[in-house]
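Trainee: If you scroll down you'll find the structure; I have some questions about it.
The values are calculated or read from the model by the stated rules, or taken from the named source; none is laboratory data. No experiment lies behind these values; they were computed from the predicted model shown. All Cβ positions, even for glycine, are placed from backbone atoms using ideal geometry, and neighbour counts span all protein chains on display. Side chains included, ligands, DNA and RNA excluded: accessible areas come from the protein's heavy atoms. Shrake-Rupley method; radii C 1.70, N 1.55, O 1.52, S 1.80 Å.
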Amino acid sequence: MGERRDCEERVSEQDDQQPGDEEVSRIEALDERFGRIESEQAEHRGMLQQILDRVGGAEQDAHGKAQEHTRRRLEQTPAQTMADQVKRAVQDVEAEKAAEQTRAAHDADHERIRQLAERPPREPVSGFRGRLQRAMFGADQ
């Protein structure tokens, strides 16, 4: 008799639980999981877009350099002999060296001016030496 009562209680408990409760909780868990997956995919799409933008920029830069190289090559007349090619190469190297020397001289001038500007002012000279300097060069201001 006790077994029958246990079975009846189990059946009544199963009747109290709706068969859809398990399904609802499973669907909610799946929705949450899919939401996480979608957010990760969106994040990955953003990262991939950044990578493509950076690679595309390098590609555009390389394309521009290639066009510039082609333009320079087309502007130059083709060398007829090996001697002409060597002369042109020597001229190019000399032009680069001259540009580098000009750049170095310019930088040296700027450094010299910067050092002159950073010197502390001279203290005024007094005594006999000061009077002599004022007499020779005029009054200090």
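Trainee: Excluding ligands and nucleic acids, what accessible area in Å² is computed for residue 82 using a 1.4 Å probe, to the nearest 10?
Mentor: That residue has around 130 Å² of solvent-accessible surface.
Trainee: Report the gain in length on full extension from residue 91 to residue 24: 0.36 nm times residue separation, minus Cα-Cα distance, nm rounded to one decimal.
Mentor: 15.9 nm
Trainee: Another question, then. Express the carbon and sulfur contribution to the solvent-accessible surface of segment 91-141 as a percent, rounded to the nearest whole number, probe 1.4 angstrom. Don't jump to the answer; show the numbers that get you there.
Mentor: Values: 2740 of 5140 Å².
Here carbon and sulfur together make up 53 percent of the probe-accessible area.
Trainee: Testing the spin-label approximation: label points 7 Å from Cα along Cα→Cβ at residue 83 and residue 62. State their distance in nm.
Mentor: Each label point lies 7 Å from its Cα, and together they span 4.1 nm.
Trainee: Put +1 on the Cβ of every Lys and Arg and -1 on every Asp and Glu Cβ in segment 62-141; which of 62, 126, 90 then has its Cα farthest towards the positive end of the dipole?
Mentor: 126
Trainee: Same structure, new question: I'd like the accessible area for residue 102, computed on protein heavy atoms only with a 1.4 Å probe and all protein chains in place. Round to 10 Å², please.
Mentor: The accessible area of residue 102 comes to roughly 90 Å².
Trainee: Would you check the accessible area of residue 43, probe 1.4 Å, heavy atoms only, in square angstrom rounded to 10?
Mentor: Residue 43 exposes around 110 Å² with every protein chain in place.
Trainee: Between residue 70 and residue 137, with labels modelled 7 Å along Cα→Cβ, what's the label distance in nm to one decimal, could you check?
Mentor: 6.5
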